[in-house]
Structures are given as structure tokens and as C-alpha cells.
Amino acid sequence: YPGLKRSKLTLDMKKIYMAIMAAMAISACETKHIDREGPELVTVTMSLNCGADTKANSPLIPDVENLIYDVWILQYDKMGLLIDAGTSHKRATSTGSLTTNIEATLAVGEGCTLCFLANLDRGVEDSPRVWPQTLTEFKNSPDVVDLTADINAANNGTLTDMPMNGYWEGNITSEVRNIQASLGRMMTRVNLIVNNTSTSPYTIQSLTNVSKKVYAFPNVIHEPLPTDAYTEFEINQEVAAKSLKELYFYMAPNFNDGTNAVRLNIEGKDPVILSNGSPSDTPRDYNLYHNSNYTFTISIK
């Protein structure tokens with residue numbers, strides 16, 4: 001039966017042909033995936049500087065509060081996604097600097113956000129930090145970085161470098177050669193002047209609702225910190241009659257709605273709220289902001 005043989009042969013050839021085409025399609029997909037080009041990269045010099053000088057009555061020397069030692073550079077694209085190729089950790093100078101120029105590789109793209117974090121991994125060559133994959137998480141999570149050890153060191157006088165942050169927004173093109181940004185201190189400093197004008201001694205007991213968690217992005221508007229963001233500073237120092245005492249404290253910025261405002265507790269007195277807004281303000285701003293130096297004078301009568 002010759003006709004039957006030809007038909008069977010034609011059917012087999014079709015099957016072979018389809019199998020070959022399918023294999024070629026798979027091969028083409030795999031080749032395309034393997035050969036896919038990464039983002040266009042450009043080397044850019046970052047010109048970074050610390051913010052305004054600190055006051056001369058700082059309990060930490062100015063070098064600690066102002067010098068830049070190392071910098072993390074995080075690049076997010078216009079969709080708010082982290083670009084691994086544009087994220088790096090750079091040493092500024094081993095001795096620290098008020099201003100520094102750092103070369104970094106960035107991905108070319110429009111509407112990028114560069115986030116800078118300084119003095120988190122001084123002297124660490126290969127830091128194991130893992131950063132949020134989205135800019136939204138980076139901006140809104142108080143757990144991106146942990147400043148607990150830095151806050152403790154600042155308050156006992158052993159801190160050697162102040163954590164800082166900053167950001168830049170714009171287009172990264174192949175023509176971009178220099179980007180300038182200012183960094184601010186990630187902590188808040190509170191200077192307390194307690195003036196006891198009475199004829200009896202009083203004990204400064206504690207500071208409560210002291211924030212230990214921090215937002216890594218330096219916005220002045222953030223959601224209130226969660227309840228587990230707070231700790232207490234025990235003070236227990238007496239202020240003699242007709243005398244005054246000056247105390248200094250470092251803490252994370254406190255974003256709150258009033259419930260968790262920082263409170264100074266003095267023996268036999270109502271707690272005193274320490275905030276950015278004065279008691280006469282309506283509504284009152286109960287926050288304490290980053291890169292800020294607050295001086296509160298408390299009179300005991």
C-alpha cells in the first residue's frame with residue numbers, strides 16, 4: 001500500500017519538524033535570557049557634606065558629631081525598586097571629613113532616588129547589610145537600621161562617629177558627573193537645664209518615652225512610631241536647693257501623636273513634656289526631629 005506509507009511518512013516528518021521548532025524556540029528563549037543586558041552604568045562623584053555645625057556646648061566633641069567616615073549609597077529607580085548595581089558601601093576617609101568626594105557606580109535612569117547613610121559600618125570592608133527592595137519600605141519602616149548601640153554609646157560618651165542620612169532625587173544620565181547632597185545627623189540631642197529655685201533639693205528621676213527606633217529616610221513627616229520603639233533613661237540625679245544642673249542626652253527622633261511624647265520626671269512634680277512645640281501651641285507638635293539640638297530650661301519652684 002504505497003499511499004499509506006507516504007501518509008505515515010508525512011505525519012512523522014511533521015512531528016519531527018514540530019519538535020525541532022519547539023527546541024529552537026526554547027533555545028531562543030534561553031539564549032535571550034542569558035544574553036540579556038544589564039542597566040547602563042556610569043561613574044559619578046558624590047560630593048557630600050555634614051549639615052550645620054553643632055553648638056560649642058556639646059558633650060561630644062565636634063569631630064564625633066560632624067565627620068563622615070563611610071557612606072552607604074542606595075539607588076532606587078522611578079518605580080521605587082532597589083537597583084543592586086547602583087548600591088554600594090564606600091569609605092570616605094580613615095580620619096573623617098566634614099566634606100567628602102566619593103566615586104560610585106550608578107545605573108542610568110530617570111526619576112531615581114539616591115539614599116545616603118553614613119557612619120554605619122566604619123572600617124567594615126564587606127558589610128552583610130540587606131536593604132529594603134522598595135523605596136516605600138525604606139521610607140516607612142523604623143527597622144531599616146538599628147541605632148541602639150550608637151545611642152547607648154553617645155550617652156555614655158564613647159561614640160566615635162555619628163550616624164547620618166540624606167537623599168538626592170533626579171535623573172542619572174551618562175553625562176552626570178557630580179551629585180551634591182547634604183547629610184544630617186540621625187539622632188536628636190536634648191540639652192536639659194534644670195534650675196531649682198526652691199529651698200529644697202529635688203531628684204531628676206528619668207526620661208520616659210525615649211525613642212530608640214529611627215526612620216532611615218530624613219522626612220519631617222512620618223507615622224507615629226510603634227509602641228515597642230521606646231525605652232527609659234534613668235537619671236536619678238539630685239539638684240540642690242538654689243542651684244541648677246545641666247544634662248545632655250542623645251536619642252532617636254520621636255514621631256508621635258502625643259501619647260508617647262518624651263517626658264521628664266522630677267520627684268514630686270508632674271511630668272514635663274519635651275517636644276518640638278511649646279505648651280501654648282494649638283495643635284502642639286509633640287515630635288522631636290532628627291539633626292536637631294533642643295535646649296529645655298526647667299524651673300522648679
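The values are calculated or read from the model by the stated rules, or taken from the named source; none is laboratory data. Keep in mind that this is a model prediction, so the values were computed, not measured. Glycine gets a Cβ as well: all are built from the backbone with ideal geometry, and neighbour counts include every protein chain shown. Quick note on the areas: whole protein, heavy atoms, side chains included, nothing else; ligands and nucleic acids left out. Shrake-Rupley method; radii C 1.70, N 1.55, O 1.52, S 1.80 Å.
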PRO128 vs (1) over 27 Å from VAL210 (Cβ atoms); (2) touching a residue at least 12 places away in the same chain (Cβ under 8 Å): all pass except (2)
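Is it true that ASP146 is over 14 Å from the mean Cα position of the chain (by Cα) and either within 30 Å of VAL42 (Cβ to Cβ) or open to solvent by 10 Å² or more (accessible area, probe 1.4 Å) (or both)?
Judged against the criteria, ASP146 is not a match.
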Pick from region 121-143 the residues that are touching a Phe, Trp or Tyr at 6+ places or on another chain (Cβ under 6 Å) and open to solvent by 30 Å² or more (accessible area, probe 1.4 Å): which of them is modelled with the lowest pLDDT? ARG122
Cβ contacts < 7 Å: first residue closer than 21 Å to GLY170 by Cα, restricted to region 88-112; second residue polar (S, T, N, Q) and open to solvent by less than 30 Å² (accessible area, probe 1.4 Å), any location; separation 6+ or different chain. Result? HIS89/SER127; ASN101/SER47; ALA104/SER88; THR105/SER88; LEU106/GLN75; ALA107/GLN75; CYS112/GLN75
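Take ARG263 and decide whether it is under 27 Å from the mean Cα position of the chain (by Cα), over 20 Å from ILE151 (Cβ atoms) and open to solvent by 20 Å² or more (accessible area, probe 1.4 Å).
So ARG263 fails the test.
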Reported set for region 174-211 where residues are at pLDDT 95 or above, part of a loop (DSSP other than H, G, I, E, B) and open to solvent by 40 Å² or more (accessible area, probe 1.4 Å) is THR197, THR199, SER200, PRO201
Name the single residue that is least open to solvent (accessible area, probe 1.4 Å) among those in region 159-173 being more than 19 Å from SER97 (Cα to Cα) and more than 15 Å from the chain's Cα centre (by Cα). ILE172
Total residues in region 233-286, condition part of a loop (DSSP other than H, G, I, E, B) and of a type in the set (A, V, I, L, M, F, W, C): 5
Of residues in region 73-120 being more than 21 Å from TYR215 (Cβ to Cβ) and touching a Phe, Trp or Tyr at 6+ places or on another chain (Cβ under 6 Å), the one surrounded by the fewest Cβ atoms within 10 Å (Cβ to Cβ): GLY96
Scan region 288-301 for residues that are in a loop (DSSP other than H, G, I, E, B) and touching a Pro at 6+ places or on another chain (Cβ under 7 Å) and jot them down. TYR289, HIS290
Residue that is nearest to the chain's Cα centre (by Cα) [pool: residues in region 221-232 that are part of a loop (DSSP other than H, G, I, E, B) and surrounded by 12 or more Cβ atoms within 10 Å (Cβ to Cβ)]: HIS222
Could you tell me whether any residue of region 239-249 is in contact (Cβ under 8 Å) with a residue 12 or more places away in the chain, buried (at least 18 other Cβ atoms within 10 Å of the Cβ) and under 30 Å from TYR167 (Cβ atoms)? yes
